[in-house]
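Data first, discussion second: the structure below is written as structure tokens.
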């Protein structure tokens, strides 16, 4: 059920209801109602905000809502919400650049649509070939880093930051300290002949 999933995931992330509400740009009373199961229906936009804040799949959240009372929820959807859900099933096409400041697109990658949507708005994502960038086991040389430049960073997010003249991958520290938030890393595996 949605309420158990939200509550358990919030606890695992070490967030209070108020902190989750702030991260998701939702009211604390809405989070409280969700966790108590005291809601009739949930909009797609609210689910998207919640899934982004909890760092979970939009599909998982949608399935939990439908499992609660499928007939009731389906009857309350507007045509716009149905079309919006259908568009989320299509992948987003992201251009990949050779370098951070390059204008030369070297390829395109497909990412899940839910990564490209935040609060019902389509984000402009770009990919960057990590020729010289590395970060632990998360980013390796040659990987494609999917970034959102206008995405607000929150504690725990990996970002592209400038350290002197050099671009590096590092955890978010403070506002205005990062160039772009890393949304996803696409691992590039060498082809075997």
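Test of understanding: among 125, 115, 133, 158, which residue is within 25 Å of residue 20 (Cα to Cα), at pLDDT below 85 and surrounded by 13 or more Cβ atoms within 10 Å (Cβ to Cβ)?
Numbers: 125 fails: at pLDDT below 85; 133 fails: within 25 Å of residue 20 (Cα to Cα); 158 fails: at pLDDT below 85.
The conditions single out 115.
Any chance you could count how many residues in the range 37-51 are within 18 Å of residue 81 (Cα to Cα) and in a loop (DSSP other than H, G, I, E, B)? I'd like the intermediate steps shown before the answer.
So the first thing to find is which residues in the range 37-51 are within 18 Å of residue 81 (Cα to Cα), and the list is 39-51.
Add one more test, that the residue is in a loop (DSSP other than H, G, I, E, B), and what stays is 39-43.
Going through the range 37-51 one residue at a time, the tally reaches 5.
Here is a check on your reading of the model: is residue 185 buried (at least 16 other Cβ atoms within 10 Å of the Cβ) and under 30 Å from residue 21 (Cβ atoms)? Don't jump to the end; show me each part of the working.
Values: buried (at least 16 other Cβ atoms within 10 Å of the Cβ): yes; under 30 Å from residue 21 (Cβ atoms): yes.
Yes, satisfied.
What are the residues in the range 1-36 that are more than 15 Å from residue 63 (Cα to Cα) and assigned to a loop (DSSP other than H, G, I, E, B), if any?
13, 14, 15, 16, 25, 26, 27
Given the conditions (1) more than 21 Å from the chain's Cα centre (by Cα); (2) modelled with pLDDT under 85, and given that residue 107 satisfies all but one, which numbered condition is not satisfied?
It is condition (2) that residue 107 fails.
The values are calculated or read from the model by the stated rules, or taken from the named source; none is laboratory data. Predicted model only: the values in this text are computed from it and were never measured. All Cβ positions, glycine included, derive from the backbone under ideal geometry; neighbour counts span all protein chains shown.
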